[in-house]
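Peer 1: Below is one structure. I have some questions about it.
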Amino acid sequence: MNPVFEIQLIAVLVSVACALPGVFLVIRGMAMMTDAITHTILLGIVVAFFITQDLNSPLLIVGAAFVGILTVWLTELIHQTKLLDKDASIGIIFPLLFSIAIILITRYAGDVHLDTDSVLLGELAFAPFDRFIVFGMDIGTQAMYSMSIILVLLLLFIGFFYKELKLTSFDPLLAASLGFSPILLHYALMSLVSVTAVGAFEAVGSILVVAFMVGPPVSAYLLTNRLSYMLGISAGLGAFNSLVGFQLSMYFDVSIAGMIAVITGLTFMLIFIFSPKKGFIYEVHRKKQQQKSLKKALENRSN
């Protein structure tokens, strides 16, 4: 298979897989939880490596997913005390766990290929080098298959629990009164977010994972109020940003992940300005119309 096609396919798979759960994170006001998880899972990778002494061990994925869930649990634990807001809780747990990972790497794994810079930035161009070999046959890249499996799991989860996710995202109190478990669904969703982040970690790095999980969902949120449309628009924007970013990175000979993140940001800015229902221009025009109506009403009242 053509490496250029493989890179684009991996980028699209990662973007769509990240965009779908990202919609629910944006609706729940937990967008920056993505940033926390994509950094703190490094601690799980490091600890699992110390146990296995093998960078290719599947336990690294298990350890990373566990720490991702631990990040969510600790954040919720602090937030439930009502002493700190959710963003402040994230701001405490995120640097704590990530800093522990950095210290462990620099102190005990200095001669091991656990480069924090490459982890954060990632490089899609290297993804085709990790091949999936079955009975001596090369059937494609590992990232392509791992992200395909994760995407299928996400689609099944959202499909089976769509109504419950919608209800718990918009009105968790009503969901609890109807017998649904917002906490259980919340942790199931965040577990999938952790697994998705781990799957995309090596191929694209944490910065691009954050861009995919926040950029397209926020853009979709500015374009529609319907959850089903939001999921579709978010996935479509993620794929579009990936393909356009890849082509521009080839043209300008720059980092693929970096260019995709830039295109994701530019796409959001265009939608932020020109969105027909929630955009900046629309809001300015709406406020001017309100001011004119208020002024006219006051003049009529004085007369």
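The values are calculated or read from the model by the stated rules, or taken from the named source; none is laboratory data. Since this is a predicted model, take the numbers as computed values, not measurements. So basically every Cβ, Gly included, is an ideal-geometry build from the backbone, and we count neighbours across all protein chains shown. Protein only, heavy atoms only, side chains kept; ligands, DNA and RNA dropped before computing areas. Shrake-Rupley method; radii C 1.70, N 1.55, O 1.52, S 1.80 Å.
Peer 1: Connecting C-alpha atoms closer than 10 Å in a GNM of the chain, tell me which of 292, 278, 86 has the biggest fluctuation.
Peer 2: It is 292.
Peer 1: Separate question: At residue 284 and residue 131, where each label point lies 7 Å from the Cα along Cα→Cβ, what is the point-to-point distance in nanometres?
Peer 2: In this crude label model, residue 284 to residue 131 measures out at 5.6 nm.
Peer 1: What is the distance in Å between the Cα centroid of the range 50-94 and that of the range 4-36?
Peer 2: When both Cα centres are located, 18 Å separates them.
Peer 1: Counting only protein heavy atoms and a 1.4 Å probe, tell me what percentage of the chain's accessible area is made up of carbon and sulfur.
Peer 2: 69 percent
Peer 1: OK, next. Which value, in Å², gives the accessible area per residue of the chain when a 1.4 Å probe is used on the protein heavy atoms?
Peer 2: Values: 16050 Å² over 303 residues.
Result: 53 Å² of accessible area for each residue.
Peer 1: On to the next question. From the helices alone, meaning DSSP H stretches of at least four residues, give me the mean residue ellipticity at 222 nm for the chain, per-run term -39500 (n - 2.57), in deg cm²/dmol to the nearest 500. Intermediate values should be presented prior to the final figure.
Peer 2: Working: 12 runs with 239 residues, N = 303.
When only DSSP H runs of four or more count, the value is -27000 deg cm²/dmol.
Peer 1: When the gyration tensor of the range 146-303 is built from Cα positions, what are the square roots of 5 times its three eigenvalues, in whole Å, from largest to smallest? Intermediate values should be presented prior to the final figure.
Peer 2: On the way: eigenvalues 254, 147, 22 Å².
Values for the range 146-303, descending: 36, 27, 11 Å.
Peer 1: Sticking with this one: Report, in listed order, any pair from 82/166; 86/295; 82/288; 166/292; 82/277 with a Cα-Cα distance greater than 30 Å.
Peer 2: Those over the limit are 86/295; 82/288; 166/292; 82/277.
Peer 1: Give the peptides 245-258, 29-42 in descending order of average Cβ contacts within 10 Å, highest first.
Peer 2: On the way: 245-258: 17.0, 29-42: 23.8.
Per-residue Cβ counts within 10 Å, averaged per peptide and sorted highest first, yield 29-42, 245-258.
Peer 1: According to the square roots a ≥ b ≥ c of the eigenvalues of the Cα gyration tensor, what is the shape class of the range 185-271, taking rounded for a/c under 1.5, prolate for a/b larger than b/c otherwise, and oblate for the remainder?
Peer 2: On the way: a/c = 2.64, a/b = 1.24, b/c = 2.13.
Oblate is the answer for the range 185-271, as a/c is 1.5 or above yet b/c matches or exceeds a/b.
Peer 1: What is the Cα centroid distance between the range 252-290 and the range 164-201, reported in whole angstrom?
Peer 2: Between the Cα centre of the range 252-290 and that of the range 164-201, the gap is 28 Å.
Peer 1: Using only the heavy atoms of the protein chains and a 1.4 Å probe, how would 240, 132, 160, 98 rank by accessible area, largest first?
Peer 2: Descending accessible area places them as 160, 240, 132, 98.
Peer 1: So, one more: Find the eigenvalues of the gyration tensor of the Cα atoms of the chain, then list the square roots of 5 times those eigenvalues as equivalent ellipsoid semi-axes, largest first, in whole angstrom. Please report the intermediate quantities before stating the final value.
Peer 2: Values: eigenvalues 274, 121, 71 Å².
Over the Cα atoms of the chain, the semi-axes work out to 37, 25, 19 Å.
Peer 1: Continuing with this model, one more query. Using only protein heavy atoms and a 1.4 Å probe, report how much of residue 6 is accessible, in Å² to the nearest 10.
Peer 2: For residue 6, solvent-accessible area is about 0 Å².
Peer 1: Right, next: Return the long-range amide H neighbours of residue 132 (sequence gap of 5 or more, or a different chain), with a cut-off of under 5 Å between placed amide H atoms.
Peer 2: Sorted by chain and number, the residues that satisfy this are 139, 140, 141, 142.
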